Structures are given as C-alpha cells and as structure tokens.
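Contents: one structure, followed by commentary.
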C-alpha cells in the first residue's frame, strides 16, 4: 500500500476528452508520458476486463464467455509498437485459452489465486523490469498487482471496476469490462506515447 502514496488524486476527466477515456487517479502528465514510453508489456485480468464478468452455462454444463473484438484490436495495436500483452486469471477456462491462442499471446497464467506471485516468473521469462509493465484489473484480487506495478508502471481499471480498484489505478476507462475496456487502456498508453513524441 505504501507505493500508492505517491499517486495524487485528480478529478475525473471529461469522457469526451482526447482518447475517449476518463482518468481516475493520475500522476503528472510528464510522468505519465515517461512511463508510457517505457511500457513493453501489458498484463491484464480476464473476467471483468476482457469479459463482462458474466458466465453462461448451457444445459450440458458448457461454460461460455463473450469477448470483444475491439479488445483484440487493442492487443494488435500495442503489438504494432512493440508492446506485448499477457493475461492472468483466477479461472481455468478453455474459452480463455482459445482467445489467447487466437491473439497469439505467449504469456497466459490461469488458475492463479495470488496474482502478485507470478511477477518474478513473468519478469524473468519476458526479460522485463517492473517499470516496463502495465496492468488492468477490476476486482479485489487485482489490488496487489495494481499497487506493485503502479509504483513504477501504469495501471487501469474498467469503468465498472469496484471502487477500491478504481481508486488504486492511474486511469479508469470509459468502457466497461467485455465492451472495450482493454482497448481504452491500450489507446490511452498509445496516446501518451504519441504526445511524448511531439
């Protein structure tokens, strides 16, 4: 929790501002741009970010999840500038695995109860430093990662994240989970990088 002390509260931005997203907790603009330029990897929760947090069961017990193709385009747009995406989820889901395969994600962590515990393995395998990470999550089990990554990298929460998560993030999307929240975060990072280049 100590790292969150360096983050200053700011009023919500107008959703009509450039990038179409609202900031909840922000660092100074220059620091945001500097961090955005260092980002090489965006790690994301799945349920509540890539999905609407709903689970659909068929009469045969099959679990179905709905994903937004806009979020998939966010992965591609990040990849175009050399930023990789990975996912971490507490669930073990064939639907999530299939989506990750479709998007050609190298790093997929499923069935993870302590999300912070994967960081050393991710940093080692991807040859990254903590300041090169960004993270988006929506619920209590994302708070530790938001705090740790937020100390040096960038963090976000979907529009419908729980209040504690929204307050812990640098950025809150306009779109809700499963409806383009990841894409909003990707576009925000890209926008910060572009502003830093001008």
Selection over segment 40-77 where residues are within 16 Å of residue 108 (Cβ to Cβ), touching a strand residue (DSSP E or B) at 6+ places or on another chain (Cβ under 8 Å) and either modelled with pLDDT of 95 or more or part of a strand (DSSP E or B) (or both) yields a count of 9
Name the helices (runs of 4 or more DSSP H) wholly inside segment 98-198 in which the number of residues that are within 16 Å of residue 33 (Cα to Cα) and out of contact with any strand residue (DSSP E or B) (no Cβ under 9 Å at 6 or more places or on another chain) is 2 or more.
181-197
Mind listing whichever residues of segment 138-165 are without any contact (Cβ under 8 Å) to a residue 24 or more places away in the chain and within 11 Å of the chain's Cα centre (by Cα)?
146, 155
Determine whether residue 23 is in contact with a strand residue (DSSP E or B) (Cβ under 6 Å, 6 or more places away or on another chain), modelled with pLDDT under 95 and crowded, with 18+ Cβ neighbours inside 10 Å.
yes
Could you list, in sequence order, the residues of segment 85-97 that are surrounded by 12 or more Cβ atoms within 10 Å (Cβ to Cβ) and assigned to a loop (DSSP other than H, G, I, E, B)?
89, 90, 91, 93
In segment 149-174, what residues are buried (at least 21 other Cβ atoms within 10 Å of the Cβ) and over 14 Å from residue 139 (Cα atoms)?
149, 150, 153, 154, 170, 171, 173
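The values are calculated or read from the model by the stated rules, or taken from the named source; none is laboratory data. Keep in mind the model is a prediction, meaning the values are calculated, not measured. Cβ sites come from the backbone with ideal geometry, for glycine too, and all protein chains shown count toward neighbours.
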